[in-house]
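Some notes on the structure that comes next.
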Amino acid sequence: MDIFFVSLALVLSIALLIPFYRVYKGPTVFDRLLGAAAVGGKTMTIILLFGLIYDRLDMFIDISLGYAILNFVGVIAMAKYFRSPPRSSK
């Protein structure tokens, strides 16, 4: 069963390259933000798979929740930073 989880983690790691490409090469800022959120989601899944592999899921759930909070705050901060400036009324 461990070989199944290891192979699944490898497949997810390879699938992680697609959102990384979107973050790197995204045509708009919003594409890059969505790519960053997708990278965070896939990374949390890989962290939980490592918890299943090492048979310490309770510890890895805590790590994954902390990572989810950091990912959420990071994406919100990037969205706030990249928002368009307010239009001045002259």
Going residue by residue through region 28-38, is there one that turns out to be part of a helix (DSSP H, G or I) and loosely packed, with under 12 Cβ neighbours inside 10 Å? yes
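In region 47-65, which residue that is of a type in the set (D, E, K, R) and farther than 20 Å from S7 by Cα is farthest from the chain's Cα centre (by Cα)? Steps first, answer last, please.
Here is the first cut: in region 47-65, the residues of a type in the set (D, E, K, R) are 55-56, 58, 62.
Subset that is farther than 20 Å from S7 by Cα: 58, 62.
Values: D58: 20, D62: 16 Å.
Per the stated criteria, the residue is D58.
Among the candidates A36, A77, A68, A9, which residue alone is within 11 Å of the chain's Cα centre (by Cα) and modelled with pLDDT under 90? Working first, answer last.
Working: A77 fails: within 11 Å of the chain's Cα centre (by Cα); A68 fails: modelled with pLDDT under 90; A9 fails: within 11 Å of the chain's Cα centre (by Cα).
From the options A36, A77, A68, A9, the qualifying one is A36.
The values are calculated or read from the model by the stated rules, or taken from the named source; none is laboratory data. All of these numbers come straight from a predicted model, not from anything done at the bench. Reconstructed Cβ throughout: ideal geometry from the backbone, glycine too, with neighbour counts over all protein chains shown.
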